[in-house]
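Notes follow once the structure below has been shown.
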Amino acid sequence: MYADDSIHTLSTTQQIGLCFISLALLCMMVLLSLKLFKNKPVIVRIIIAIGLFYLFIWLSPQLYYAYYLLIFMDLPIQLVIKAPPGIGPLVKILTLQNSATLSNHSLAFLGWALISLALMKRRN
């Protein structure tokens, strides 16, 4: 399914590094969301989850580009963050309407994980 993904252009070590960065970002997003969800009603937690997901979609490309700068020395140093995306890209990712790439599916997983955490009843 993911045979054409760009991750396959990386060496095994570089792939492991990319997976480590992605896992670290996932953990940071979950921990941040749990901190922000504390003592909030469900609707507020859902709004926070969607907001965090939106910010991740918008800003994370710069983090990944920084990793690629370490791998490929000939890349120019530049900002890859564009104007904030509209709601359309967010919906397309969450509903799996984008191309079937590991990146898009991972983003959908993150989005649904944050929303699921927001919906969970918290024990005190």
- In whole Hz, the Karplus estimates of ³J(HN,Hα) for the range 64-74 (6.51, -1.76, 1.60; θ = phi - 60°; x where Gly or Pro) are 5, 5, 4, 5, 5, 4, 5, 7, 10, 5, 8
- Query: How many angstrom lie between the C-alpha centres of the range 86-124 and the range 1-31?
  - Reply: 17 Å
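Report in % the part of the accessible area of the chain that belongs to carbon and sulfur, leaving out ligands and nucleic acids; probe 1.4 Å.
Numbers: 5950 of 8360 Å².
Taking all protein chains in place, the chain shows 71 percent carbon and sulfur surface.
Find how much the distance from M73 to N39 grows on full extension, using 0.36 nm per residue of separation minus their present alpha carbon separation; answer in nm with one decimal. Don't skip to the answer; put the middle values down first.
Numbers: separation 34, 0.36 × 34 = 12.24 nm, distance 4.62 nm.
Result for the pair: 7.6 nm of gain on full extension.
Tell me the per residue accessible area of the range 12-83 using a 1.4 Å probe; a whole number in Å² is fine.
Values: 4780 Å² over 72 residues.
Here the residues of the range 12-83 average 66 Å² of exposed surface.
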- Task: Using the Cα centre as the reference, give the magnitude of the dipole from point charges on the C-beta atoms of the chain (Lys, Arg: +1; Asp, Glu: -1; all else neutral), rounded to the nearest 20 debye.
- Result: 920 debye
- Can you list the trypsin sites (Lys or Arg not before Pro) in the range 1-108 that are in a DSSP coil and have 11 or fewer other beta carbons within 10 angstrom? K38, K82
- Item | Phi to ³J(HN,Hα) by Karplus 6.51 cos²θ - 1.76 cosθ + 1.60 over the range 11-16, Hz, x for Gly, Pro | 6, 4, 4, 5, 5, 4
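The values are calculated or read from the model by the stated rules, or taken from the named source; none is laboratory data. Note that this is a predicted model, so its numbers are computed, not measured. Please note: Cβ atoms are built from the backbone with ideal geometry, for glycine as well, and neighbour counts cover all protein chains shown. Ligands, DNA and RNA are stripped out before the accessible areas are found, and what is left, the full protein with its side chains, is counted by its heavy atoms. Shrake-Rupley method; radii C 1.70, N 1.55, O 1.52, S 1.80 Å.
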